[in-house]
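Chemist: One structure, as structure tokens, below. Some questions next.
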Amino acid sequence: MTGQPLVRNPVLGEQPVRNCAGGIGELSCCMPSAALLDGPSPPVRCGYLSTPISRACVPGSACTRSGCQPSPSSVTKSVSKALVTSVFANHPMRGLISRKGFVDGLLGTDIAMTSLWLADRVDRPLPPNPLDEADRSADVVVVGAGITGLITAVLLARASRDVMVLEALTAGAGTTGNTTAKISLLQGIKLSKIVGRHGVETAQQYVQGNLEGLEWLVQHCEAHGLSVQRQDAYTYAQSEKGLPATREELTAGKTAGLDVEWVDDADVPFPFHGGVRLARQAQFDPMPFLDSLIVELDERNGRLVQGVRVRRVSSEGDGLALHVGSSAGDEFDVHAKQCVLATGIPILDRGGFFARLKPNRSYCMAYQVPGNLTRGMYISADSPTRSVRYAPTAAGDRLIVGGAGHPVGREKHPASSVQELASWARVHYPGALQTHYWSAQDYTPADDLPYVGPILPGNDKIFVATGFDKWGMTNGTAAALALSSRILGGRMEWAEAFASWSPHELSGIPTVMQANLEVGFNLAKGWITPLTRIGDRTSVGGGVVSGPPWHLEARSLVSGVEHRVSPVCPHLGGIVNWNDADESWECPLHGSRFAPDGTLLEGPATRNLTAAQ
Ligand SMILES: Cc1cc2nc3c(=O)[nH]c(=O)nc-3n(C[C@H](O)[C@H](O)[C@H](O)COP(=O)(O)OP(=O)(O)OC[C@H]3O[C@@H](n4cnc5c(N)ncnc54)[C@H](O)[C@@H]3O)c2cc1C
Ligand code: FES
């Protein structure tokens, strides 16, 4: 870097001036800040600033005054990609994978084994010492830098709170960077479930919170020059069988105050037997959005620390001590008055949220499609779930299809459902070329409503935000609005529908009991079944748990490398199962996931699988 002109990026620190890729709001573009247009001098920062942007750079040129640098979005993508690459190397479903994390697809193209949103981010190692000792405290520590955590942090920083975000991996590396990013109040058949279980008033509050989430997101994107597409959303029947549930959603939507209508036809190439339409919903790329939040957080003196995993939280005088492990292996405490767990599923067992949530994993693929691309956002009411949207990218529009969902760790061969989803896409979009493959999980609450609020009734120090049931763009934003206003002493009028503890949970008790029976069954099965597999060998690839209960071993063979780890989940002792689509270990109890070498990927666990004895 010596001798090169440098500019300071809030995420990257000092960076050399780079050439610009051009374009406003595009994935990899850089652009000068508004300040550059008026003033003669740096600082110049790349896109997605909190000030509106009025000019794009010329692609490939250096900025005339001083220059551009990689967007913060480029940073996050790299680490996730590295993680994904390690997990997907030599994947049996996809033939050979290069070390860059691409596989040869069925049609001979490279398939990026990462989400459309996380692809193409520049590699950057995390700093070995992410947090100096003097900096290890804040008024509010937010754990998790997904949509929920980062919006919460920005809202608190706007109110001049001293706020720090601690992120185990990198911002967006969880579900937010692997979502389909539809911003919609029509959410499959969610409203029929809520109306049926909780009645009209609660459903209206739920819609109100989601509406506020949608409006906040769209306004934020517009104010920051971020691309957001207003599109109609559809819940549709893909067969006659799906019609009753779809019609029920129409009624529920109307009851809850949505301007929904019935349509017999839609301009789509897949089976459509009628559906509900809600006009002018939205969709976007979540990563530039997260980047804009990171920039604003920095501008308002908030801090984001990546590569630090919170393992425990304990009381300390009037406040809290968060016990943290860094990716470099250091362990230390961070002190806070209050803390928000925006970690997907809460990492603390207090409150027993792990027993009130069902983790569900789904798979997504992006395609380059010849000819016209489907506009609008579609999700089927009937099984198997088909979720469809398009996404503008620098390389042209892409089709995204999602589905093949299953409870984490409980599907024998997820790869076959993924292949079935891919065939569906190829049949209905002839000539479609797959460009990306990814997967993610989200948490379904027992009573269909999110849990947002204190971890235990009356606790005003630790808060949770979870249970978005694959609708976290609006629900995560609503959660951030509700939590930040609560911490600042206010209250959202719709917050009752999102409460972490309230009478509405009583309606979820049968579901909780059923879910925990299933958990108990899977716990026993995990410990006993491997007995039958003594002597099994991992064949060409894949993983198997074998051995007697006192000597269980999880063995996998990936990229020709054999790994042997203990299959006992460090959360509450579940026995992990192999996911042949993702090549990872999954705990069937509460959804923790681990790489073949035992590295923790996500879930309520906070430690890796241990080495095999
Ligand atoms: C396949 C799929 C498609 C979806 N599509 C849509 C959609 O179209 N529209 C929609 O509205 N919703 C959708 N969702 C749901 C939505 O993506 C999620 O609800 C939302 O992204 C959750 O955001 P979050 O910030 O709460 O969690 P996350 O984005 O998962 O963020 C949690 C963060 O916490 C970090 N973390 C975890 N544990 C720790 C720890 N111990 N210490 C420090 N950090 C930690 C993680 O690394 C992660 O970055 C989809 C979900 C899935 C699975
Ligand atoms: S995730 Fe709870 S026991 Fe594994």
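Readers should treat all values here as calculations from the given coordinates under stated rules, not as data from a laboratory. Since this is a predicted model, take the numbers as computed values, not measurements. In this analysis, Cβ positions are derived from the backbone assuming ideal geometry, glycine residues included, and neighbour counts consider all displayed protein chains.
Chemist: What is the sum of charges around L131, taking Lys and Arg as +1, Asp and Glu as -1, for the other residues whose C-beta is under 11 Å from the C-beta of L131?
Modeler: Result for the local shell: -3.
Chemist: Estimate the FRET efficiency between R350 and E201 by the formula 1/(1 + (r/R0)^6), using the beta-carbon distance for r and 30 Å for R0, to the nearest 0.05.
Modeler: 0.50
Chemist: Which order results if L357, L488 are arranged by neighbouring Cβ count within 10 Å, fewest first?
Modeler: Ranked by crowding around the Cβ, least crowded first: L488, L357.
Chemist: Give K358/K461; K190/K412; K461/K525; K337/K525 a once-over and call out the pairs whose C-alpha atoms are over 31 Å from each other.
Modeler: K461/K525; K337/K525
Chemist: State the extension gain, in nm to one decimal, for the chain segment bounded by A279 and T610, taking 0.36 nm per residue of separation less the distance between their alpha-carbons.
Modeler: Taking 0.36 nm per residue and subtracting the Cα distance, the gain is 114.1 nm.
Chemist: Now a separate question. Can you sort T599, T179 so the residue with the fewest Cβ neighbours within 10 Å comes first?
Modeler: Final ranking by Cβ density, sparse to dense: T599, T179.
Chemist: Can you give the net charge of the other residues whose Cβ lies under 10 Å from the Cβ of Q283, counting K and R as +1 and D and E as -1?
Modeler: Here the charged neighbours net out to +2.
Chemist: Below 9 angstrom from the Cβ of R593, what's the summed charge of the other residues (Lys, Arg +1; Asp, Glu -1)?
Modeler: Value of the local net charge: -2.
Chemist: Taking H as built 1.01 Å from N, whose amide H comes closer than 5 Å to the amide H of E602, not counting residues under 5 places away?
Modeler: Those qualifying (amide H under 5 Å, at least 5 residues apart or on another chain) are R593.
Chemist: Between the range 139-183 and the range 288-342, how far is it from one alpha carbon centroid to the other, in angstrom?
Modeler: Comparing the Cα centres of the range 139-183 and the range 288-342, I get a distance of 10 Å.
Chemist: What are the residues whose amide H is under 5 Å from the amide H of G542, where those residues sit 5 or more places off or on another chain and H is modelled from the backbone?
Modeler: L557
Chemist: Could you put L589, L155 in order, starting from the residue whose Cβ has the fewest other Cβ atoms within 10 Å?
Modeler: Values: L589 28, L155 21.
Final ranking by Cβ density, sparse to dense: L155, L589.
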